[in-house]
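> Encoded as structure tokens, here's the structure I'll be asking about.
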Amino acid sequence: MFNLIFGMGPQEILVVALIILVLFGGRKIPELMRGLGQGIREFNNAKANIESEVKDSMKELEEKSKEKQKSGPITRND
């Protein structure tokens, strides 16, 4: 159950947390977490924007292909 985070057990997670606490101090950790949260939020917003642009492009292509199908087959005059 605890091996879900990067394959680490609870003891390894505790050691990493203690190392972070020693390196950055208790006062700096909330600031670091805010920065991390902001970075994740910006990444998710960018991902959502890209997804919506791709979906919009796909809708436009589908509409164009439907219009071409409605107009009938293209004939050649040889």
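> If the Cβ limit is 9 Å and pairs must be 6+ apart or interchain, which residue in the stretch 66-78 that is assigned to a loop (DSSP other than H, G, I, E, B) pairs with which residue that is modelled with pLDDT of 70 or more and surrounded by 10 or more Cβ atoms within 10 Å (Cβ to Cβ)?
Going by the 9 Å Cβ cut-off, the qualifying pairs are Ile74/Lys68.
> Here's a follow-up. Output the number of residues of the stretch 20-53 satisfying the condition of being at pLDDT below 90 and either β-branched (Val, Ile, Thr) or not in a helix (DSSP H, G or I) (or both).
3
> Ok, one more. What's the number of the condition Ile74 fails, among (1) modelled with pLDDT of 85 or more; (2) out of contact with any helix residue (DSSP H, G or I) (no Cβ under 8 Å at 6 or more places or on another chain)?
(1)
The values are calculated or read from the model by the stated rules, or taken from the named source; none is laboratory data. Given the structure is predicted, the values throughout are model-derived calculations rather than measurements. Quick reminder, even Gly has a Cβ in these numbers, built from the backbone with ideal geometry, and neighbours come from all protein chains shown.
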